[in-house]
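Student: A single structure is presented below for examination.
The values are calculated or read from the model by the stated rules, or taken from the named source; none is laboratory data. Everything numeric in this text was worked out from a predicted model, so none of it was measured. Because the Cβ atoms are built from the backbone with ideal geometry, glycine has one as well, and the counts that use them run over all protein chains shown.
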Amino acid sequence: MNNAMAGSDDDERIRLQQAQKLEAIGTLAGGIARDFNNILAHIAGHLELARAEAELDGAMAFHLGEIDKAQQRATDLVKRLLMFSNRQAPQRKVLPLTPVIDEALLLLQSALPPNIRVRTQYADHLPPVAVDALQVSQAILNLGTNAAHAMRAQGGDLTVSVQATTVTADALPAPGLQPGPHLHIAVRDTGSGMPPEVVARVFEPFFTTKGAEGTGLGLPMVHGILRDHDGAITLESEPGVGTTFHIYLPAIVQATAAAPAQGNDDLVLGHGQHVMYVDDEEGLIFLMKRMLSRLKYRCTAFSDPHEALEAFRAAPDSFDGVLTDLAMPGMTGVQLVEAIRAIRPEVRVAVVTGYDQDDLTALDEAGISIRLNKPTPPPELGRALQAMFQD
């Protein structure tokens, strides 16, 4: 009995240590992502202004296009850092799943050796799902990378199949799933396989069989992504035969794919409204003032939220709306909005945020519905301001 109790205590201590390590790394990743977001906002904003204001020849247009591609890749990296730190809720959209998988596999295939073949098997007339495409793509990439590692010595086949299925209460394929229509995604490899003792631990943070090459974070991240999407993941594996991961995602049977947005690249212009902009980053203030001017708004900007509040208190009717960063020293954007609303409750407000989970909760509690992500391209900024000022 004492030995059993000691073993239980040891297991609990190990789980606690793993959780503390993961939390520490997640906090670091979240902090890096916040700082990196501000840098990206500088790059993206000045890139848009350069395109709008410069007379571009063919070579200059090409170089700016390459900068834009790099900026987009960096933005995706920030989202992945936030995803890993468990600070970003999925940005779900109803869409077909197979194009998301195809895009991930195309990216994966470019890095695979020629002795590994990638195959897909998709059933016809699959229903859409409500997912964050970036997060699901990351999950497929992680599973594909693991499969490639298992086959790197002898080569083999990586097969991804998708079919519709119905999960019933009396035959749940994985704990936590709710009964109803789902998509079943199977990721199969013909690699080395895993013994039972490894299968039992693959979703543990920091557990890896890759030695110095592995981090032990890929599969835990996949597990977290599926959990956040109300889905699940299981696996079966046999040494010398291969491994199959089974993913289940809730399907949207009655939904129809949303029509593509019209005029995404068109600027929605204002009518000279006076906007207060607040951000502790001086470079972003310069950039936002230029962007707001381009969008036909007047702007008075502040780098200190306390100074902004005093200016509003002195002349509350001179501002048509307030646009503020969320994370600022001394006073958060939510606190600033609450103080401004205490002076003039009907004032229009919008907040710029990194969209992590803590941010979303704070904004929901404060009733702030107009939210922009960093970096904010001019078309998105224009549409957000239009939504802020419409009756």
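Student: Taking residue 327, is it of a type in the set (A, V, I, L, M) and more than 29 Å from the chain's Cα centre (by Cα)?
Tutor: It is false that residue 327 is of a type in the set (A, V, I, L, M) and more than 29 Å from the chain's Cα centre (by Cα).
Student: Return a yes/no flag: does segment 315-323 have any residue that is among the small types (Gly, Ala, Ser), outside any helix (DSSP H, G or I) and either touching a residue at least 60 places away in the same chain (Cβ under 8 Å) or out of contact with any helix residue (DSSP H, G or I) (no Cβ under 9 Å at 6 or more places or on another chain) (or both).
Tutor: Looking for residues that are among the small types (Gly, Ala, Ser), outside any helix (DSSP H, G or I) and either touching a residue at least 60 places away in the same chain (Cβ under 8 Å) or out of contact with any helix residue (DSSP H, G or I) (no Cβ under 9 Å at 6 or more places or on another chain) (or both), one finds at least one in segment 315-323, hence yes.
Student: Restricting attention to segment 260-289, which residues are more than 26 Å from the chain's Cα centre (by Cα) and at pLDDT below 85?
Tutor: Within segment 260-289, 282, 286 meet the criteria.
Student: OK, next. In segment 93-136, what residues are more than 20 Å from residue 189 (Cα to Cα) and among the small types (Gly, Ala, Ser)? Before the answer, list the steps.
Tutor: First pass over segment 93-136, keeping only residues more than 20 Å from residue 189 (Cα to Cα): 93-97, 99, 124-135.
Within segment 93-136, 130, 133 meet the criteria.
Student: If you take the residues in segment 102-138 that are among the acidic types (Asp, Glu) and assigned to a helix (DSSP H, G or I), which one is farthest from the chain's Cα centre (by Cα)?
Tutor: By that ranking, first place goes to 102.
Student: Now for a separate question. Check residue 292 against each of (1) closer than 27 Å to residue 267 by Cα; (2) under 25 Å from the mean Cα position of the chain (by Cα) and name the one condition it does not meet.
Tutor: The failed condition is (2).
Student: So, one more: Does segment 156-179 contain any residue that is more than 14 Å from residue 232 (Cβ to Cβ) and within 22 Å of the chain's Cα centre (by Cα)?
Tutor: For segment 156-179, residues more than 14 Å from residue 232 (Cβ to Cβ) and within 22 Å of the chain's Cα centre (by Cα): absent.
Student: Mind listing whichever residues of segment 324-357 are without any contact (Cβ under 8 Å) to a residue 12 or more places away in the chain and under 23 Å from residue 297 (Cβ atoms)?
Tutor: Those that are without any contact (Cβ under 8 Å) to a residue 12 or more places away in the chain and under 23 Å from residue 297 (Cβ atoms): 341, 345, 346.
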